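Right, I'll just put the structure down here and ask away after.
The values are calculated or read from the model by the stated rules, or taken from the named source; none is laboratory data. What you see is a predicted model; the values in this text were computed from it and never measured. Glycine also receives a Cβ, built like all others from the backbone with ideal geometry; neighbour counts cover every protein chain displayed.
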Amino acid sequence: MDLSLPEQRLLVYQTVVPMRWGDMDAMGHVNNTLYFRYMEIARMDWMEQMLAQATRAGEAPPPGQGPVVVNAFCNFLRELRYPGSVLVRLYAANPGRSSFDTFYELARDDQPDEVFASGGAKVVWIDHAQRRSVPLPTALRQALAPA
């Protein structure tokens with residue numbers, strides 16, 4: 001199965017997430033489930049910042065709408081070990097009417113050029129009450145457009 005990151009992608013955000021001692025598993029490295037958490041932290045921080053800017057500009061999405069992840073994957077390339085911090089690079093690609101793809105590279109903050117894991121998640125914008133997809137908010141669509 002090919003779970004590689006596409007060449008055509010836009011770097012939209014990066015953040016540093018501290019590893020916690022409790023993130024380790026019995027093998028002495030960060031538990032695999034935490035890689036998905038690091039991706040989630042970057043994705044939600046980016047969306048919250050972007051939507052806060054849209055709200056200040058009077059372009060907030062309607063209440064009751066938001067993102068859901070419909071699938072996710074992770075390629076575990078090297079183990080992360082505590083202590084340290086994870087540099088998460090978030091890329092976006094393939095915006096559609098109501099969805100877009102996100103891709104991630106996880107590196108140590110002190111080794112930014114060495115990718116320890118890569119992954120992705122498809123995000124769909126939905127109306128929570130209707131449980132149906134709705135068009136992406138304008139601010140989000142603009143953030144996904146190449147400059």
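Which residue, of LEU77, LEU51, is aliphatic (A, V, I, L, M), within 19 Å of PRO6 (Cβ to Cβ) and touching a residue at least 40 places away in the same chain (Cβ under 8 Å)? Walk me through it before giving the result.
Numbers: LEU51 fails: within 19 Å of PRO6 (Cβ to Cβ).
Result of the check over LEU77, LEU51: LEU77.
How many of the residues making up the stretch 131-147 are basic (Lys, Arg) and in a helix (DSSP H, G or I)?
Qualifying residue count, the stretch 131-147: 1.
Looking only at the stretch 9-28, decide whether some residue is within 25 Å of ASN94 (Cβ to Cβ), out of contact with any strand residue (DSSP E or B) (no Cβ under 7 Å at 6 or more places or on another chain) and without any contact (Cβ under 8 Å) to a residue 40 or more places away in the chain.
Checked the stretch 9-28: no residue is within 25 Å of ASN94 (Cβ to Cβ), out of contact with any strand residue (DSSP E or B) (no Cβ under 7 Å at 6 or more places or on another chain) and without any contact (Cβ under 8 Å) to a residue 40 or more places away in the chain.
Right, something else. Which of the residues spanning the stretch 123-147 are of a type outside the set (A, V, I, L, M), crowded, with 16+ Cβ neighbours inside 10 Å and free of Cβ contacts under 8 Å to residues at least 60 places away in the same chain?
Hit for the stretch 123-147 is SER133, nothing else.
With respect to the numbered conditions (1) in a loop (DSSP other than H, G, I, E, B); (2) crowded, with 18+ Cβ neighbours inside 10 Å, which one is the sole condition not fulfilled by TRP46?
Unmet for TRP46, out of (1) in a loop (DSSP other than H, G, I, E, B); (2) crowded, with 18+ Cβ neighbours inside 10 Å: (1).
Okay, residues lined up against (1) in a strand (DSSP E or B); (2) over 15 Å from ASN75 (Cα atoms):
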| site | (1), (2) |
| --- | --- |
| TYR91 | yes, yes |
| PRO95 | no, yes |
| THR102 | yes, no |
| PHE116 | yes, no |
| GLY120 | yes, no |
| ALA129 | no, yes |
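LEU34 versus (1) in a helix (DSSP H, G or I); (2) closer than 28 Å to GLN142 by Cα; (3) hydrophobic (A, V, I, L, M, F, W, C): which is the lone unmet condition?
(2)
When the residues of the stretch 87-113 are narrowed to those that are touching a strand residue (DSSP E or B) at 6+ places or on another chain (Cβ under 6 Å) and acidic (Asp, Glu), which ends up nearest to PRO18 (Cα to Cα)?
Residues of the stretch 87-113 touching a strand residue (DSSP E or B) at 6+ places or on another chain (Cβ under 6 Å): 87-94, 98-107, 109, 112.
With the extra rule that they be acidic (Asp, Glu), the set shrinks to 101, 105, 109.
Values: ASP101: 25, GLU105: 15, ASP109: 9 Å.
Ranking the qualifying residues of the stretch 87-113, first place goes to ASP109.
Further question on the same structure: Hey, among PRO83, PRO95, PRO18, which residue is surrounded by 15 or more Cβ atoms within 10 Å (Cβ to Cβ) and over 20 Å from HIS128 (Cβ atoms)? Walk me through how you get there before you give the answer.
Values: PRO83 fails: surrounded by 15 or more Cβ atoms within 10 Å (Cβ to Cβ); PRO18 fails: surrounded by 15 or more Cβ atoms within 10 Å (Cβ to Cβ).
Testing whether each residue is surrounded by 15 or more Cβ atoms within 10 Å (Cβ to Cβ) and over 20 Å from HIS128 (Cβ atoms) leaves just PRO95.
For PRO63, all conditions in the list (1) part of a helix (DSSP H, G or I); (2) of a type outside the set (A, V, I, L, M, F, W, C); (3) modelled with pLDDT under 95 hold save one; what is the number of the exception?
Single failed check for PRO63: (1).
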